[in-house]
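The values are calculated or read from the model by the stated rules, or taken from the named source; none is laboratory data. What you are looking at is a predicted structure, and each value in this text was computed from that prediction instead of being measured. With ligands, DNA and RNA removed, areas are computed over all heavy atoms of the protein, side chains included. Shrake-Rupley method; radii C 1.70, N 1.55, O 1.52, S 1.80 Å.
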Amino acid sequence: MTEPVRYLEEECFSVYWKIKNFSYFCKKILYPEFSLSGDSYRLILDSETSQIVCEVSGGYYNPQPTSTMQISFLACDGSPEESISGEPFIYLQLARDVIFGKRRDAFLPEDTLTVRVRFRTDSERGKIFLYSQIGVTRKYFLWTLKDFSKHTCFEKKCTEKLENLRDVNLIFKSMDGINPTERFGIEISRSRG
């Protein structure tokens, strides 16, 4: 990626978008429109197979005052970790394994991704803060294994059907093979449906 153009804070209108519970992100998020210099814009975050893509949609009717912009994924200290600058129709993409793996601590403090879009303008200045939260549904249940000391290597339990999800299956199994009383694991999977 090329080095982005440096925009001075006093030359820009900055939009900060914080998305909470980002580790649960699996599809497209659209933030409602906001207005700048008489034009409407929308931020879009999309999950492709191996990339997270952020783009700005809008600015079709009056592109002159906001003809250049910069999109950045910010680190926990507020510095831009990844950025791209250019004309109105740009997008920033970054590999999923970078955000969720190698540099997770930098990109997802408290499981929150922060995107900043800076519009370089001749007139409007300032900042706005936008917030989104990915909804998370948790389901808890108790699984009692009777006669644990006489337990066989594999036991399967199917939970009740969860709202809008497929059946969740749990398999309790030995991890040691020969000595099945030393280490155990629980495999969790969802059935097709």
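Using each residue's phi in the range 37-46, evaluate 6.51 cos²θ - 1.76 cosθ + 1.60 at θ = phi - 60° and report the 3J(HN,Hα) Karplus result to the nearest Hz, with x for Gly and Pro.
Residue by residue, the range 37-46 yields 6, x, 10, 9, 9, 9, 8, 10, 10, 10 Hz.
Too long at a 21 Å Cα-Cα cut-off: which of 28/139; 102/139; 146/173?
28/139; 102/139, as the Cα separations exceed 21 Å there.
Accessible area, 1.4 Å probe, largest first: how do 143, 17 sort?
143, 17
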